[in-house]
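The values are calculated or read from the model by the stated rules, or taken from the named source; none is laboratory data. Note that this is a predicted model, so its numbers are computed, not measured. Cβ: placed from backbone, ideal geometry, glycine included. Neighbour counts: every protein chain shown. Note: areas computed on protein heavy atoms with side chains; ligands, DNA, RNA excluded. Shrake-Rupley method; radii C 1.70, N 1.55, O 1.52, S 1.80 Å.
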Amino acid sequence: MKSPARVPVWADRVYSTLLLAYPASFREEYRGEMRAAFRSRWREEEGTIWLWISVLLDTLATAAREHFEMLARDVRYAWRSLTGRGNWSFTAAALLTLALGIGAVTAIFTVVHSVLLAPLPYREPDRVIYLTDTHAARGIDEFASSMPNFLSWREAARSFSSLVAIRGIDVNLTEGDKPERANGLGVSAEMWKTLGIAPVAGRSFVPADDVPGHAPVAMISEGLWRRRYGGETSLIGRTIDVNLVPRVVVGVIPQDVGFVDDVDVWLPLGRDPEADDSRGDRRLIVLGRLAPGVTLQQAQEEMERISVQLEREFPEANEGWRVRVVPIRDWIVDEDIGQRLRILLAAVALLLLVAATNVANLQIARAGGRVREIAVRLALGASRARLVRQMITESLVLTIAGGAAGLGLAWFAIRAAAAVPPETVPRLGSLSLNLPVLLVAVLCIGVTALLAGMLPASVAVRSGVHGALQSSASRSATGSRAPARQALVAVQLALATALVVCAALLTQSLVRLQNVPLGFADPDHLLTARITRSVATEDATKMNQAFYDSVLEGVRALPGVVSAAVTSEVPFGPMDTGQSVVPIPRPESVSEDGIQASWRLVTADYFQTLRIPLRRGRVFTPDEKPQRNLLLSEGLARRLWPGGEDPVGREVKLSNGQTHRVIGVVGDVRQVGLAEDPTPTFYWSTARFVTPTMTLVVRTATEPTGLAQSIRQVVARVDPRQPVSDFQTMRTAVRTNAAAPRLNTILLASFAGMALLLAVVGVAGVVGYAVGQRTRELAVRLALGASPGQAVRLVMRGGLLTCTIGILTGLAAALAAGRLLSGVLFGVDAYDPATFLMTAAALFAAAAWACWLPARRVTGISPSLTLRDG
């Protein structure tokens with residue numbers, strides 16, 4: 001008879017290693033029986049491969065089940081512990097704290113992900129680039145390109161598989177009885193192929209659509225398709241009237257194309273005879289796709305060579321002009337917006353840390369009442385690791401519940417973000433709680449659970465069993481928790497201090513930004529509206545001038561209207577047109593390239609309507625002849641004639657080669673932004689020409705928004721097929737211009753306020769805890785003759801020391817953050833000593849108050865009763 005096979009030592013060791021997959025308590029109880037069963041099977045099956053497969057599968061299945069059952073028991077116990085009698089106040093405070101922290105982080109990260117991190121809706125978006133003209137001598141970092149230069153680039157460049165051009169087009173939808181203005185763009189036929197965007201319905205443009213004489217076609221956005229045409233697929237192949245011209249709709253494009261989400265009509269770029277022959281007429285946006293294997297640096301070097309060659313061939317239009325190649329995301333999201341979002345993300349991360357430390361502090365305080373429970377469990381054989389796991393599970397349950405509430409808050413915050421103007425933060429239309437955002441939220445929940453649970457758990461199980469079980473030592477056993485709580489409070493106060501300093505700097509910056517002189521008066525009583533003429537050719541200039549004259553006449557007759565004017569663009573409007581200006585003769589201190597200035601077309605009453613002061617000479621008159629006269633802003637006149645000469649009557653030469661005579665000087669106006677210096681500007685009279693889109697400006701004696709319907713009626717009487725759009729007051733335009741810094745300031749101040757509140761609560765909790773722990777000591781001191789004031793100061797001393805350390809650490813952190821803040825501040829230094837000192841004083845006062853509130857309980861201690869009860 002064959003004797004049973006003996007189990008090799010290596011097999012026994014391998015199986016012992018597999019047993020590590022089970023929970024420690026399970027191994028300790030069943031290890032011997034399981035090893036005996038394994039040896040028995042080995043002898044029966046003689047160590048076949050099927051034995052090992054069976055053992056491995058059984059181990060994985062049963063170990064997972066045991067871990068799950070243990071976790072389920074821990075979760076049930078944690079839930080009963082958190083919701084039991086006497087724990088509701090702790091649980092509610094912790095949940096609210098965690099919900100605010102995790103909700104704020106999730107909401108801000110959703111914005112950061114959508115704007116800075118999420119892939120753009122293109123094929124290989126990292127290969128799509130933006131080309132912009134630059135002129136170092138004129139201080140121009142970004143400018144549009146001209147059609148001839150674009151064609152030269154496309155012919156000479158080998159670094160791109162394709163280059164496409166985009167030009168703004170003024171669009172009116174004129175079919176039916178409801179004319180509507182829409183945002184439009186003209187694009188090269190290869191546009192959608194270059195970006196890799198497929199139409200929702202129909203087809204994209206083809207090269208034949210770009211050929212002069214081809215049947216007019218158009219593509220529309222998905223939003224317009226559903227809103228105006230009911231989303232009917234039968235629209236494809238039908239005609240719609242665009243600027244009174246029937247165009248066949250060939251396709252529907254997604255609303256969000258990465259760089260814009262408010263364009264509703266797309267037309268073939270075609271050829272513009274007025275612009276295509278002029279290399280100096282820069283009105284095109286140029287995008288491209290890098291050729292396979294070509295890097296951004298290689299493309300930049302090639303475009304540098306091409307721009308130098310074009311400068312040699314066409315010096316009059318291209319002298320000093322170069323080309324910069326950048327990733328398309330850097331064009332869509334400028335550095336200022338990116339910087340502000342990164343600041344917000346850093347601030348909200350600090351808030352989450354404050355929330356986590358606050359919950360940890362609450363957990364430590366709660367652990368003080370559980371020392372005897374923990375000691376009993378240790379005495380009955382529970383391991384310290386098992387108790388730590390149980391307390392970490394409690395923290396995880398608490399954090400998951402707070403995280404779920406935080407996600408709900410984040411969802412509401414994201415819905416509210418839809419009201420933020422799109423020019424404030426781009427790509428807000430793509431906000432959603434998508435998978436990457438949810439993964440980050442889960443990571444925040446996990447990290448917060450560890451931060452809020454590990455320290456309290458380690459502190460709670462540190463006490464010895466014998467000492468903890470002695471009822472007389474129950475208080476002293478928790479004394480070691482005070483340093484941990486003080487350290488957490490110091491961290492909280494340091495983080496809160498850093499946030500409050502940053503919020504104070506941003507608040508000062510916002511106040512100064514909103515109080516800068518605008519250059520025009522009383523924006524609350526200025527109403528603006530945009531009018532785009534459907535026919536804007538040179539032949540229609542006189543007809544359009546007559547149209548605006550009739551509209552102004554009708555508007556001025558409306559009740560409540562003080563004055564009215566028309567301009568090519570108002571201050572803080574979406575467009576800025578510019579040219580270089582050279583004085584004749586040119587002073588030596590003025591560069592040969594002249595001064596880069598904005599230009600505006602205005603009617604005679606424009607300066608009176610905006611109340612822009614006349615400094616010298618005269619303004620345009622209602623019967624102004626179409627001569628080459630212009631007005632200069634005060635700042636532009638100073639730059640052109642630094643010696644202080646009177647500019648009236650002098651001549652200037654523009655970058656288009658034309659010479660004009662200066663007839664007057666008016667006050668400076670902030671044309672582009674509140675944070676920028678008043679823009680050097682010159683003004684033409686609309687007697688010479690008008691642009692396709694002009695803006696009506698109306699000054700009223702009463703609330704201006706009520707005039708919108710009356711103005712529409714006036715325009716309809718002049719031309720029934722002419723839409724009027726974008727009614728808003730100048731005050732709204734000013735507020736919109738400051739919307740980004742205002743939003744940043746409000747959010748950061750909110751985060752700072754929440755962090756400070758949590759820190760103050762933490763300070764009060766630590767001092768209150770100290771009062772409770774030292775009651776007998778304080779009673780003895782009072783019995784021996786100490787005054788209540790001395791006892792209060794004794795208790796406050798430790799809390800104030802902790803606060804001082806935290807505040808000083810926070811000030812140091814705020815100093816370190818100064819470099820990050822300096823790029824978004826206006827009119828205030830990131831290291832402003834007054835702000836730091838006043839903030840530190842205010843925080844110390846708040847901390848002292850938080851210390852005093854619980855410390856004053858000392859005055860209610862009765863030495864005789866306390867000592868007798870003890």
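Is it the case that some residue within the stretch 477-492 is among the aliphatic types (A, V, I, L, M), part of a helix (DSSP H, G or I), modelled with pLDDT of 60 or more and open to solvent by 30 Å² or more (accessible area, probe 1.4 Å)? Steps first, answer last, please.
So the first thing to find is which residues in the stretch 477-492 are among the aliphatic types (A, V, I, L, M), and the list is 477, 482, 484, 487-491.
Subset that is part of a helix (DSSP H, G or I): 477, 482, 484, 487-491.
Filter again for modelled with pLDDT of 60 or more, leaving 484, 487-491.
Next cut, open to solvent by 30 Å² or more (accessible area, probe 1.4 Å) only: 487, 491.
Yes - at least one qualifying residue is present in the stretch 477-492.
Quick check on the stretch 116-138. Is at least one of its residues closer than 30 Å to Ile328 by Cα and without any contact (Cβ under 8 Å) to a residue 60 or more places away in the chain?
yes
Residue-by-condition table, conditions (1) among the polar types (S, T, N, Q); (2) open to solvent by less than 10 Å² (accessible area, probe 1.4 Å); (3) in contact with a Ser or Thr (Cβ under 9 Å, 6 or more places away or on another chain):
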site: His135; (1), (2), (3): no, yes, yes
site: Asp141; (1), (2), (3): no, no, yes
site: Arg158; (1), (2), (3): no, no, no
site: Ala165; (1), (2), (3): no, yes, yes
site: Glu180; (1), (2), (3): no, no, yes
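Being part of a helix (DSSP H, G or I) and hydroxyl-bearing (Ser, Thr, Tyr) is the filter here, so list the residues in the stretch 132-156 that pass it. Explain how you work it out, then say what you get.
Applying the first criterion (part of a helix (DSSP H, G or I)) to the stretch 132-156 yields 147-156.
Answer for the stretch 132-156, where residues must be part of a helix (DSSP H, G or I) and hydroxyl-bearing (Ser, Thr, Tyr): just Ser152.
Among the residues in the stretch 193-208, are any open to solvent by 40 Å² or more (accessible area, probe 1.4 Å) and modelled with pLDDT under 90?
The answer is yes; a qualifying residue exists.
With the requirement that a residue be buried (at least 17 other Cβ atoms within 10 Å of the Cβ) and of a type in the set (S, T, N, Q), what does the stretch 711-731 give you?
Gln722, Gln728, Thr729
Inside the stretch 526-563, can you point out the residues that are of a type in the set (Ser, Thr, Tyr) and in contact with a Lys or Arg (Cβ under 8 Å, 6 or more places away or on another chain)? Outline the logic, then answer.
First pass over the stretch 526-563, keeping only residues of a type in the set (Ser, Thr, Tyr): 528, 532, 534, 537, 541, 548, 550, 563.
Correct list: Thr532, Ser534, Ser563.
Mind counting the residues in the stretch 88-99 that are open to solvent by 70 Å² or more (accessible area, probe 1.4 Å) and either over 16 Å from Asn358 (Cα atoms) or at pLDDT 75 or above (or both)?
Qualifying residue count, the stretch 88-99: 2.
Of all residues in the stretch 799-854, which are open to solvent by less than 60 Å² (accessible area, probe 1.4 Å) and not in a helix (DSSP H, G or I)?
The answer is Ala817, Gly823, Val824, Leu825, Phe826, Gly827, Val828, Ala830, Asp832.
Answer with yes or no whether Glu569 is open to solvent by 30 Å² or more (accessible area, probe 1.4 Å) and of a type outside the set (S, T, N, Q).
Here the answer is no, as Glu569 does not meet what is asked.
Out of Arg80, Arg85, report the one residue that is exposed (fewer than 14 other Cβ atoms within 10 Å of the Cβ), at pLDDT below 85 and not in a helix (DSSP H, G or I).
Sole residue among the options that is exposed (fewer than 14 other Cβ atoms within 10 Å of the Cβ), at pLDDT below 85 and not in a helix (DSSP H, G or I): Arg85.
Might you check whether a residue that is in a helix (DSSP H, G or I), touching a residue at least 12 places away in the same chain (Cβ under 8 Å) and of a type in the set (S, T, N, Q) occurs anywhere in the stretch 722-734? Show your work before the answer.
Step one: list which residues in the stretch 722-734 are in a helix (DSSP H, G or I), which gives 730-734.
If we keep only those that are touching a residue at least 12 places away in the same chain (Cβ under 8 Å) as well, we get 730-731, 733-734.
Keeping just the survivors that are of a type in the set (S, T, N, Q) gives none.
No, every residue in the stretch 722-734 fails to be in a helix (DSSP H, G or I), touching a residue at least 12 places away in the same chain (Cβ under 8 Å) and of a type in the set (S, T, N, Q).
When the residues of the stretch 617-639 are filtered to those that are out of contact with any Leu (no Cβ under 9 Å at 6 or more places or on another chain) and of a type in the set (Lys, Arg), which remaining residue is surrounded by the most Cβ atoms within 10 Å (Cβ to Cβ)?
Ranking the qualifying residues of the stretch 617-639, first place goes to Arg639.
Hey, can you tell me all the residues within the stretch 702-747 that are within 15 Å of Thr528 (Cα to Cα) and touching a helix residue (DSSP H, G or I) at 6+ places or on another chain (Cβ under 7 Å)?
Pro704, Ile711, Val714, Val715, Val724, Phe727, Thr729, Met730, Arg731, Val734
How many residues are under 30 Å from Met694 (Cβ atoms), in contact with an Asp or Glu (Cβ under 8 Å, 6 or more places away or on another chain) and in a loop (DSSP other than H, G, I, E, B) if we restrict to the stretch 177-204?
So the count comes out to 1.
Residues Ser152, Ser146: which one is in contact with an Asp or Glu (Cβ under 9 Å, 6 or more places away or on another chain), under 30 Å from Asp593 (Cα atoms) and surrounded by 22 or more Cβ atoms within 10 Å (Cβ to Cβ)?
None of the other options fit; the residue is Ser146.
Kindly list the number of the only condition in (1) surrounded by fewer than 14 Cβ atoms within 10 Å (Cβ to Cβ); (2) at pLDDT below 80; (3) of a type in the set (S, T, N, Q) that fails for Ser54.
(2)
So Ser589 fits all but one of (1) surrounded by 15 or more Cβ atoms within 10 Å (Cβ to Cβ); (2) over 38 Å from the mean Cα position of the chain (by Cα); (3) of a type in the set (S, T, N, Q); what number is the exception?
(1)
Yes/no per residue for (1) in contact with a Gly (Cβ under 9 Å, 6 or more places away or on another chain); (2) on the phi > 0 side of the Ramachandran plot; (3) at pLDDT 90 or above:
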residue	(1), (2), (3)
Gly184	yes, no, yes
Pro212	yes, no, no
Ile236	yes, no, yes
Pro246	no, no, yes
Leu269	yes, no, no
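Would you kindly identify the helices (runs of 4 or more DSSP H) lying entirely within the stretch 293-341 that contain at least 1 residues that are touching a strand residue (DSSP E or B) at 6+ places or on another chain (Cβ under 9 Å) and open to solvent by 70 Å² or more (accessible area, probe 1.4 Å)?
296-313, 328-332
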